[in-house]
1. Please return the ranges of helices (runs of 4 or more DSSP H) entirely within the stretch 1-83 where 1 or more residues are without any contact (Cβ under 8 Å) to a residue 12 or more places away in the chain, hydroxyl-bearing (S, T, Y) and more than 25 Å from S97 (Cα to Cα).
2. Give me a count of the residues in the stretch 24-63 that are of a type outside the set (A, V, I, L, M, F, W, C), farther than 21 Å from L9 by Cβ and touching a helix residue (DSSP H, G or I) at 6+ places or on another chain (Cβ under 8 Å).
3. Would the stretch 1-10 turn up any residue that is closer than 23 Å to Y85 by Cα, modelled with pLDDT of 95 or more, more than 9 Å from the chain's Cα centre (by Cα) and not hydroxyl-bearing (S, T, Y)?
4. Within the stretch 60-91, work out how many residues are modelled with pLDDT of 95 or more and of a type in the set (K, R).
5. Please determine whether any residue of the stretch 68-81 is farther than 23 Å from L6 by Cβ, in contact with a Lys or Arg (Cβ under 8 Å, 6 or more places away or on another chain) and not hydrophobic (A, V, I, L, M, F, W, C).
Amino acid sequence: MIKDALCSLQDLSLYLQRENASAVDALFRVESVVKTLLAYKTQSGQTLHKFLDGYRQTKTFKETPVSEPTDSQVSDFEVLCKRFYQSLSDNVSSRFSEASLLSQA
């Protein structure tokens, strides 16, 4: 879950650090990252999806047996994912909004 978020944020960060990064393109990239993070609230990112598929098939993680989670644990994890991704998307949005306001001043 965290790796999926970090990959999206890293891509944005690397773009923003480029000398030829434009403000217009930066806006689109930020919006894209925010949309991606919000999408992760309802569907797994590539890394989490890969883990979940592997777990469903083998009930292991890196060859270590993992016990079946309870319904409560699954529900708690889903809530955690939604809150995590919402928090990240809100944070990215607010930071970009603040930067936009400062650049206009």
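The values are calculated or read from the model by the stated rules, or taken from the named source; none is laboratory data. Computed from a predicted structure; not experimentally measured. Note that each Cβ is placed from the backbone with ideal geometry, even for glycine, and that neighbours are counted across all protein chains shown.
1. On the way: elements: 2-16, 23-39, 46-58.
Of the helices (runs of 4 or more DSSP H) lying wholly inside the stretch 1-83, those with at least 1 residues that are without any contact (Cβ under 8 Å) to a residue 12 or more places away in the chain, hydroxyl-bearing (S, T, Y) and more than 25 Å from S97 (Cα to Cα) span 46-58.
2. Step one: filter the stretch 24-63 for residues of a type outside the set (A, V, I, L, M, F, W, C), giving 25, 29, 31-32, 35-36, 40-47, 49-50, 53-60, 62-63.
Checking which are farther than 21 Å from L9 by Cβ leaves us with 53-60, 62-63.
Then keep just the ones that are touching a helix residue (DSSP H, G or I) at 6+ places or on another chain (Cβ under 8 Å); that gives 60.
The qualifying residues number 1.
3. Initial filter on the stretch 1-10 (closer than 23 Å to Y85 by Cα): 1-10.
The next check asks that each one be modelled with pLDDT of 95 or more; those that pass are 2-10.
Those still in the list that are more than 9 Å from the chain's Cα centre (by Cα) too: 10.
Adding the requirement that they be not hydroxyl-bearing (S, T, Y) leaves 10.
For the stretch 1-10, residues closer than 23 Å to Y85 by Cα, modelled with pLDDT of 95 or more, more than 9 Å from the chain's Cα centre (by Cα) and not hydroxyl-bearing (S, T, Y): present.
4. The qualifying residues number 2.
5. Going residue by residue through the stretch 68-81, those that are farther than 23 Å from L6 by Cβ are 68-75.
If we keep only those that are in contact with a Lys or Arg (Cβ under 8 Å, 6 or more places away or on another chain) too, we end up with 68.
Of the ones still in play, those that are also not hydrophobic (A, V, I, L, M, F, W, C) are 68.
Yes, the stretch 68-81 contains at least one residue that is farther than 23 Å from L6 by Cβ, in contact with a Lys or Arg (Cβ under 8 Å, 6 or more places away or on another chain) and not hydrophobic (A, V, I, L, M, F, W, C).
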